[in-house]
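Notes for the one structure printed next.
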Amino acid sequence: MSLSTEKIIQLNKDYTLFEWNMQGGYAPLPVDHAKGVYFWDTDGKRFIDFNSQLMSVNIGHGDQRITQAVVAQMEKLAYANPYAATEARGVLGELLAKITPGNLKKSFFTLGGSEANENAVKIARMASGKHKILARYRSYHGGTAMSMGLTGDPRRWASEPQPPGIMRIPDPYYYRSRLKLTEAEFMQECLNQTEDVIKFEGPNNVAAIIMETVTGTNGIIIPTKEYYQGLRMLCDKYGIFLILDEVMCGFGRTGKMFACEHYGIAPDIMTMAKGLTSSYLPLGDCIVSEEIGKYFDNKVLYAGLTYGGHAVSCAAAIAAINIIIDDKLVEKAAATGAYLAQREDELKARHPSVGDVRHIGLFTIFELVKNQTTKEPMAPYNAGGKDMEVMNLVKKFFHDNGLFTFVRWNNFFVNPPLTITREELDEGLEIVDRALEITDEFVTA
């Protein structure tokens with residue numbers, strides 16, 4: 001017999017810890033089951049999943065092709081130690097080498113994006129013989145020690161002091177720029193300042209630059225093609241590895257298999273997770289170029305994880321990637337994303353509380369302001385408590401009306417599964433439209 005909603009919540013709160021929250025007043029949403037773009041709580045209330053949970057269930061919920069692949073692998077081999085060769089590990093490695101850009105070839109499998117970024121830095125340092133890493137403030141790279149240090153947003157504060165050797169470079173966040181420049185001029189200035197940091201820190205000391213190709217929880221920041229091509233040129237000029245974190249923006253989310261394809265560049269190292277298995281099972285990957293891979297032909301790779309290359313997770317990833325390819329979900333995300341962008345632009349034009357909408361494929365965000373001219377945010381950076389009162393009204397309205405997404409500071413996200421239809425999008429956007437009527441009331445002249 002199933003437990004009651006109250007008992008489920010009680011057990012979770014009494015015996016588990018919830019991330020990034022004060023435990024005492026936290027009220028978790030008790031999730032029971034899910035299918036397609038919807039999930040249901042334990043009382044039977046249906047929610048449209050406008051955030052793919054953690055921007056990760058790219059193929060939608062409840063696809064039995066994943067279940068079948070996982071069961072088949074578990075019946076054959078559930079676990080082998082990470083020194084062993086398995087069919088699933090080898091097949092997945094070859095598949096990733098084929099679909100990733102440039103000459104990325106060899107994968108080091110982890111159980112999540114944080115571990116992937118952790119090991120990307122270790123590999124970059126070993127292969128380059130250098131130690132400094134350049135990262136951005138508006139970034140999130142994970143919750144383990146090095147990944148938390150690479151992270152720029154306030155979540156890192158509790159873990160400081162950060163590991164040594166991490167330096168910051170400018171964020172290409174044009175909407176919030178105080179410089180009176182065109183977008184192209186602003187992007188070039190970001191590159192100029194990045195080159196200054198490289199020179200100040202010493203190119204002979206800088207192993208890598210790491211960044212989310214499209215910034216995720218810190219605001220869906222979408223640079224220009226010229227910015228990324230300029231960054232690639234800077235890395236080549238100074239002999240610095242470029243690490244692109246595609247944990248959130250990879251596997252079709254932006255309307256390309258990987259976001260860097262929009263910019264015509266390839267990294268030296270790429271990290272991934274989330275959409276890799278569509279989050280049906282935990283798995284991350286740090287894939288390196290053929291040249292970096294060859295470095296370890298006669299050098300020890302000082303990295304290892306008990307669950308590295310876990311056979312069952314690898315089987316889930318093979319199935320998830322093949323679903324993306326077979327069901328043409330990348331192309332679908334691009335087409336549906338164009339429709340979503342049009343609808344979001346219309347909402348921006350209609351609601352004075354919308355300062356900006358940013359969208360690339362099905363990776364989108366609303367940034368809310370009290371005044372479109374001054375761009376005063378509806379909630380300040382790193383807001384909490386009373387500063388979040390207005391945005392908490394939005395969050396409550398979404399919940400009451402059966403829409404699930406992330407509300408963070410003065411932003412909320414629209415990142416549904418790539419399988420979503422226009423009709424399902426319209427269903428969710430109708431709720432968004434009504435929620436924005438609430439925030440419009442707080443706009444100042």
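Overview of results
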{"item": "Residue in the range 403-414 that is over 15 Å from Tyr38 (Cα atoms) and of a type in the set (D, E, K, R) present", "result": "yes"}
{"item": "Pair list, Cβ under 9 Å, 6 or more apart: the range 257-280 residue surrounded by fewer than 24 Cβ atoms within 10 Å (Cβ to Cβ), other residue in a helix (DSSP H, G or I) and aromatic (Phe, Trp, Tyr)", "result": "His262/Tyr228; Tyr263/Tyr227; Tyr263/Tyr228; Gly264/Tyr228; Ile265/Tyr228"}
{"item": "Number of the condition not met by Arg343 [criteria: (1) within 22 Å of the chain's Cα centre (by Cα); (2) under 27 Å from His61 (Cβ atoms); (3) crowded, with 16+ Cβ neighbours inside 10 Å]", "result": "(1)"}
{"item": "Hits in the range 64-101 - residues which are part of a loop (DSSP other than H, G, I, E, B) and touching a strand residue (DSSP E or B) at 6+ places or on another chain (Cβ under 9 Å)", "result": "Pro82, Thr100, Pro101"}
{"item": "Residue in the range 44-61 that is of a type in the set (D, E, K, R) and either under 15 Å from Met270 (Cα atoms) or touching a helix residue (DSSP H, G or I) at 6+ places or on another chain (Cβ under 8 Å) (or both) present", "result": "no"}
{"item": "Of the criteria (1) modelled with pLDDT of 95 or more; (2) not assigned by TED's automatic domain parsing to the domain that holds Ala97, which one His310 fails", "result": "(2)"}
{"item": "Yes/no for Thr100 being of a type in the set (Val, Ile, Thr), under 21 Å from the mean Cα position of the chain (by Cα) and modelled with pLDDT of 95 or more", "result": "yes"}
{"item": "Single residue of the range 117-139 satisfying the filter (part of a loop (DSSP other than H, G, I, E, B) and more than 21 Å from the chain's Cα centre (by Cα)) that is surrounded by the fewest Cβ atoms within 10 Å (Cβ to Cβ)", "result": "Gly129"}
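The values are calculated or read from the model by the stated rules, or taken from the named source; none is laboratory data. This is a predicted model, so every value here is computed, not measured. Reconstructed Cβ throughout: ideal geometry from the backbone, glycine too, with neighbour counts over all protein chains shown.
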